[in-house]
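First comes the structure, then the notes that go with it.
The values are calculated or read from the model by the stated rules, or taken from the named source; none is laboratory data. The structure presented is a predicted model; accordingly, all values stated were derived computationally and were not measured. Methodologically, a virtual Cβ is constructed for each residue, glycine included, from the backbone with ideal geometry; neighbour enumeration extends over all protein chains shown. Surface accessibility is based on the protein's heavy atoms, side chains included, excluding ligands, DNA and RNA. Shrake-Rupley method; radii C 1.70, N 1.55, O 1.52, S 1.80 Å.
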Amino acid sequence: MEEPATSMLRSVNDPLRPGVNSSGERVLSIEGLRVEFRLPDESTEVLCGVDLTARPGEIVGVVGESGSGKTVAALAVVGLLPSAAHVSGGSVRFFNENLLDLDSRQMRAIRGSRISMIFQNPRASLNPVFTVGRMLREVLLVHSGLRGRKATVRAQELLADVGLPDPSAVMRRYPHQLSGGMAQRAMIALALSSSPDLLLADEPTTALDVTIQHQIIQLLLRLRKRQNLTQIVITHNFGVVAELCDRVAVMYAGAILEEAPVGRIFEAPGHPYTRGLLSARARVEQSSGIRSIPGQVPELKNRPTGCSFHPRCEHARDICRVSTPRLESSAPNHSIACHRWRELAQ
Ligand code: SF4
């Protein structure tokens, strides 16, 4: 999805879409989350103090290049970190419960029922030896106690809800018999089968053609409108962010560098990395030649000192090489982690 979708943007002064609960209530509240990958001979910090919140009915985008830690953060929420990963600090609150305090049995009871996740490459995430119907009926039995005819009817309803025509025929198909768009819809139907409060979507439109991407985005927006479903959407695509999200957090090298309502990010990006991502995207749209941000996301085991973005930043000064900038408020609902955001804003 590389269409601008600027007509979908809220104004700078409109931090939330209508319908999003603006009270202090949080569905998800991640504070200071630190994750290390520990191998026998080395330890690498892959998340270094991530803060992220989502209110009821809000769709929050997490954007950044590959290797920025977006997926690790999501896996930490659902308790599916790989065995080498250790949470070394922070909290992950789901309503009032710190998920990091739960044992694996308690976490299993929440995952897939109150919190669901859809993954990149849905065809590979669906069980290849089960039909769609069998997968849905099993999930409905585990989470809702439905079986037999009631489970079949509910499964067909879910498939119809996500826009799959002829649900009874889809129920009989195996994942390899589905197109990419159908597999993604089936995956979303599975994720919704337990009526979750929170949906984590990891690159939900990647590898789909533009028309199907647009349909999936419309489906996710419908789910929010109809069920007030809170969503965290991980993507590298600002087009998806523009069309789908209320607020966006920009991640780089295991940290959030900027966070703001979507309209604000597009109209007044404050961090040089965000500006670089947006200007690379604008060049693609104008067909004026793709020039990505110079350099690459650092290997996390060789994270630069100070600001992790400094080797790629044209505005870097001595302080940037020695001191790590912290997220600070630059405007209402807008935070930036950059030593020079004030000067650069002028
Ligand atoms: Fe660039 Fe320095 Fe800001 Fe980092 S802190 S983004 S190096 S100006």
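Residue 326 meets all of the listed conditions (1) near the ligand (Cβ under 10 Å from one of its atoms); (2) in a loop (DSSP other than H, G, I, E, B); (3) under 26 Å from residue 264 (Cβ atoms) but one, namely (1). In region 297-304, is there at least one residue being at pLDDT 95 or above, within 20 Å of residue 32 (Cα to Cα) and buried (at least 16 other Cβ atoms within 10 Å of the Cβ)? No, that holds for no residue.
Of the residues making up region 329-343, those that are within 13 Å of the ligand (Cβ to nearest atom) and surrounded by 15 or more Cβ atoms within 10 Å (Cβ to Cβ) are 330, 336, 337, 338, 339, 340, 341.
Considering only region 192-203, I want to know if a residue exists there that is over 14 Å from the mean Cα position of the chain (by Cα) and buried (at least 24 other Cβ atoms within 10 Å of the Cβ). Looking through region 192-203, at least one residue is over 14 Å from the mean Cα position of the chain (by Cα) and buried (at least 24 other Cβ atoms within 10 Å of the Cβ).
For region 263-279, the set of residues classified as away from the ligand (no atom under 16 Å from the Cβ) and either of a type in the set (S, T, N, Q) or within 23 Å of residue 297 (Cα to Cα) (or both) consists of 266 only. Hey, among 149, 173, which residue is out of contact with any Pro (no Cβ under 7 Å at 6 or more places or on another chain), part of a helix (DSSP H, G or I) and open to solvent by 50 Å² or more (accessible area, probe 1.4 Å)? One residue alone meets the criteria, 149.
Filter region 114-134 for residues that are touching a residue at least 24 places away in the same chain (Cβ under 8 Å) and open to solvent by 20 Å² or more (accessible area, probe 1.4 Å) and give the result.
Passing the criteria: 114, 117, 119, 120, 121, 123, 125, 127, 128, 129, 130, 131.
Pairs linking a residue in region 40-64 that is without any contact (Cβ under 8 Å) to a residue 12 or more places away in the chain to a residue that is part of a strand (DSSP E or B) and open to solvent by 10 Å² or more (accessible area, probe 1.4 Å), with Cβ atoms under 8 Å and 6 or more positions apart or on different chains, are 43/36; 43/37.
Residue by residue through region 154-170, note down the ones that are open to solvent by 20 Å² or more (accessible area, probe 1.4 Å), outside any helix (DSSP H, G or I) and without any contact (Cβ under 8 Å) to a residue 40 or more places away in the chain. Those that are open to solvent by 20 Å² or more (accessible area, probe 1.4 Å), outside any helix (DSSP H, G or I) and without any contact (Cβ under 8 Å) to a residue 40 or more places away in the chain: 165, 166. The set of residues in region 296-323 being more than 10 Å from the ligand (Cβ to nearest atom) and within 16 Å of residue 274 (Cβ to Cβ) consists of 297 alone. Quick one: which residue in 234, 256 is touching a residue at least 12 places away in the same chain (Cβ under 8 Å), open to solvent by less than 10 Å² (accessible area, probe 1.4 Å) and either within 16 Å of the ligand (Cβ to nearest atom) or among the β-branched types (Val, Ile, Thr) (or both)? Only one candidate passes the filter, namely 234.
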